Structures are given as structure tokens and as C-alpha cells.
Amino acid sequence: MLRLAMSTKEETYERIGTPLEERGIELGYVSIEGDVVRLPFRTGTFDVGFVYPSRLSEGGVIDASLSVPWVNDRDVVSTSRNKAEVYARLADAGLPIPETRYVSNPADRDAVVDAAREIGFPLVVKPNSTTRGEGIVRVEDPDSLAGVLDYLNLIHEFPATDDRSYLIQEFLPGARDYRAMVLDGDVVGAVERQLPSSGRDAGRWKHNVHRGGEAVGVDLPERARQLARNAAGTLGIRYLGVDLLRTDDRWVVNETNARPTVDDAEKYDPGFYDRLAVLIRDVADE
């Protein structure tokens with residue numbers, strides 16, 4: 001029985017446990033989040049990890065103890081989390097992304113406002129390295145943008161803030177929000193993230209599941225599937241959630257996630273867990 005170390009005990013752990021055990025892979029939970037641990041940290045014996053911990057400093061401690069290969073290692077998680085790098089690589093490969101400007105903060109205020117005017121209001125301001133929609137705001141006009149920049153400059157006075165950069169990006173009104181799961185170059189499932197009607201009526205626009213959205217299984221058209229495959233291939237990541245936005249005439253890659261939540265089994269192709277088990281065994285044998 002292959003032993004798989006998991007650094008999360010949220011939905012993914014619960015959902016993949018039984019299917020993987022049926023395929024000869026035993027899960028174990030390894031985390032030091034919120035703990036006080038003696039160094040060197042000692043834990044059980046594992047063959048492979050899935051996926052590198054979200055907090056990279058804690059991941060380093062765990063990784064030093066386990067000394068195992070990871071499905072999506074530190075470099076992969078770091079790349080996917082760096083939105084600007086992802087956008088740059090995808091755009092360089094000719095893949096469609098929202099119109100975006102990268103701001104290496106602190107930057108000249110007038111230059112930021114000029115870039116915003118080029119994109120056009122309303123627009124989106126998003127921290128470069130956050131997940132789950134955290135810190136992302138819609139800005140309606142230059143005065144609102146100035147207030148957001150004041151806030152960003154304020155929090156960045158603290159030297160512990162790691163990535164001070166942020167993005168300004170076109171807002172796509174009415175866009176539909178999808179997550180495609182790519183595994184070894186194929187789309188093996190997809191969901192559309194939808195806000196409940198009460199959220200839409202209240203003027204909300206973020207569809208993230210962690211912010212109240214619902215993930216509904218869908219069959220993506222081939223155009224979207226190819227875009228998701230190309231995104232994962234461009235980044236060289238074997239297991240990746242690719243977030244897509246669709247308007248009437250456009251599909252764009254919005255973000256990627258190298259630590260994607262695994263959804264309910266019915267939202268994936270029938271062979272999903274067989275292929276996931278193969279990937280885990282491949283990485284264990286590296």
C-alpha cells in the first residue's frame with residue numbers, strides 16, 4: 001500500500017480518501033498549522049505528498065521531515081500562486097487573458113492611474129499572490145482607485161508583507177466563471193461557479209465557492225477544454241485547476257490553482273480517480 005501525505009484535511013481529503021484506498025493508496029494527514037513543534041519535526045513514513053502545503057514556510061518544515069516527492073511541489077505551487085507570472089507566461093504563449101497591468105508596489109501613482117484609464121473603468125484590483133478571491137476589489141472610478149491604492153500602501157508599510165505587487169485588470173461584466181480540472185494534459189472535469197440569486201440581487205460579483213458560490217458540474221465546449229489544456233501545458237503543471245471566464249464572444253484564462261479542491265465524483269470523468277492514482281504513483285517513482 002502506497003502511503004500518501006496530505007497537508008489539507010478539508011473537502012479534498014474527505015472526498016479522495018476512499019477512492020484512492022480502493023486503488024492501493026493510503027492517505028495520512030500531515031500538518032503543523034497552528035501548532036508549536038519541536039525541530040526537527042518528526043512524523044510518519046510516507047512515499048509521496050499531495051500537494052505542497054499552502055503556507056510555504058510550514059511546507060519547508062514538513063518537507064524536511066518527509067523527504068518525499070510531491071504532486072505539485074513547492075516550485076509548482078509558487079508559480080501558480082504568482083498571478084503575474086502566470087499571466088505573463090500565458091500571454092507570451094498567445095493564450096487569451098483579461099487585459100492586465102502588473103504593478104510593482106510602491107509605484108508612481110500617476111502611472112497606475114494612467115494604466116487604469118487605458119484599461120477603462122470599472123476595473124479589478126487584485127493582490128498578486130492571494131487565493132480564494134481574497135483582497136480582490138472592483139473599482140468604479142479614479143477616486144475609488146486612489147482609495148484602494150492608499151490602503152495597499154498602508155498595509156505594505158509592514159515589512160512582513162511578502163509580495164507587495166498587485167494587478168489592475170479589466171472587469172468583464174456578466175462573465176460566467178468556470179473551473180476546469182486538468183490532469184496529465186486532459187480536462188477530466190469542470191464546474192461552473194454560480195452565485196445564488198440572493199447574492200446577485202445584492203450586487204455581488206465574485207463566484208468563488210469559498211465566498212458563497214455553488215459549483216455545478218458542466219460539460220465544457222471543446223474551445224474551453226483546449227484553452228485549459230494549453231494553459232496547463234504552457235505552465236508545465238500536470239495537475240491544475242484552470243479558472244476560465246466566458247463572455248458572449250470571449251473565453252479567457254482568469255487564474256490557475258495548483259492546489260485545487262477536488263469536487264464530488266459525479267463532476268468528473270468516470271476514470272478520474274484511476275488517472276489520479278496513476279499520477280500519484282508516477283510521482284512516487286521519480
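Within region 81-95, being touching a helix residue (DSSP H, G or I) at 6+ places or on another chain (Cβ under 8 Å) and surrounded by fewer than 15 Cβ atoms within 10 Å (Cβ to Cβ) holds for one residue alone: A93.
Give region 253-276 a look and list any residue that's in a loop (DSSP other than H, G, I, E, B) and not aliphatic (A, V, I, L, M), or say none.
Correct list: R259, P260, T261, D263, D264, D269, P270, G271.
Any residue in region 31-46 that is crowded, with 20+ Cβ neighbours inside 10 Å and more than 17 Å from the chain's Cα centre (by Cα)? Taking every residue of region 31-46 in turn, at least one turns out to be crowded, with 20+ Cβ neighbours inside 10 Å and more than 17 Å from the chain's Cα centre (by Cα). Take V182 and tell me if it is of a type in the set (A, V, I, L, M), surrounded by 19 or more Cβ atoms within 10 Å (Cβ to Cβ), over 22 Å from A88 (Cα atoms) and at pLDDT 90 or above. Considered against the rule, which asks whether it is of a type in the set (A, V, I, L, M), surrounded by 19 or more Cβ atoms within 10 Å (Cβ to Cβ), over 22 Å from A88 (Cα atoms) and at pLDDT 90 or above, V182 comes out as no. Could you check, for region 64-80, whether at least one of its residues is surrounded by fewer than 20 Cβ atoms within 10 Å (Cβ to Cβ), touching a Leu at 6+ places or on another chain (Cβ under 8 Å) and more than 30 Å from R193 (Cα to Cα)? No: region 64-80 contains no residue that is surrounded by fewer than 20 Cβ atoms within 10 Å (Cβ to Cβ), touching a Leu at 6+ places or on another chain (Cβ under 8 Å) and more than 30 Å from R193 (Cα to Cα). On the stretch given as region 186-226, residues that are modelled with pLDDT under 80, of a type in the set (S, T, N, Q) and buried (at least 16 other Cβ atoms within 10 Å of the Cβ) total 1. All of (1) loosely packed, with under 15 Cβ neighbours inside 10 Å; (2) charged (D, E, K, R); (3) in contact (Cβ under 8 Å) with a residue 60 or more places away in the chain hold for R15 with one exception: (1).
Each row is one residue, and each column tells you yes or no for (1) touching a residue at least 40 places away in the same chain (Cβ under 8 Å); (2) hydroxyl-bearing (S, T, Y); (3) in the same structural domain as A232 (by TED's automatic domain parsing).
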{"residue": "E10", "(1), (2), (3)": "yes, no, no"}
{"residue": "L27", "(1), (2), (3)": "no, no, no"}
{"residue": "T45", "(1), (2), (3)": "yes, yes, no"}
{"residue": "F50", "(1), (2), (3)": "yes, no, no"}
{"residue": "V61", "(1), (2), (3)": "no, no, no"}
{"residue": "E85", "(1), (2), (3)": "no, no, no"}
{"residue": "L90", "(1), (2), (3)": "yes, no, no"}
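Here is the figure for region 227-251: residues that are out of contact with any Asp or Glu (no Cβ under 9 Å at 6 or more places or on another chain), surrounded by fewer than 20 Cβ atoms within 10 Å (Cβ to Cβ) and not in a loop (DSSP other than H, G, I, E, B) total 2. Residues that are over 19 Å from K267 (Cβ atoms) and not in a loop (DSSP other than H, G, I, E, B) within region 6-37 comprise M6, E21, I25, E26, L27, G28, Y29, listed in sequence order.
Considering the conditions (1) out of contact with any Leu (no Cβ under 8 Å at 6 or more places or on another chain); (2) surrounded by 16 or more Cβ atoms within 10 Å (Cβ to Cβ); (3) not in a loop (DSSP other than H, G, I, E, B), P53 is excluded by exactly one of them, (3). Only residues that are more than 30 Å from T45 (Cα to Cα), in contact with a strand residue (DSSP E or B) (Cβ under 7 Å, 6 or more places away or on another chain) and assigned to a loop (DSSP other than H, G, I, E, B) were counted in region 69-119, giving 6. Only one entry of E118, E140, E157 meets the criterion of being exposed (fewer than 13 other Cβ atoms within 10 Å of the Cβ), at pLDDT below 85, farther than 19 Å from A228 by Cβ and not assigned by TED's automatic domain parsing to the domain that holds A215, and that entry is E157. Tell me whether region 253-263 contains one or more residues that are of a type outside the set (D, E), more than 22 Å from T12 (Cβ to Cβ) and at pLDDT 95 or above. Yes, the conditions are met somewhere in region 253-263. Within the option set S144, S104, being more than 26 Å from the chain's Cα centre (by Cα) and of a type in the set (S, T, Y) holds for one residue only, S144.
The values are calculated or read from the model by the stated rules, or taken from the named source; none is laboratory data. Here the structure is a predicted model, which means the values were calculated and not measured. Neighbour counts run over all protein chains shown; Cβ positions are idealised from the backbone, glycine included.
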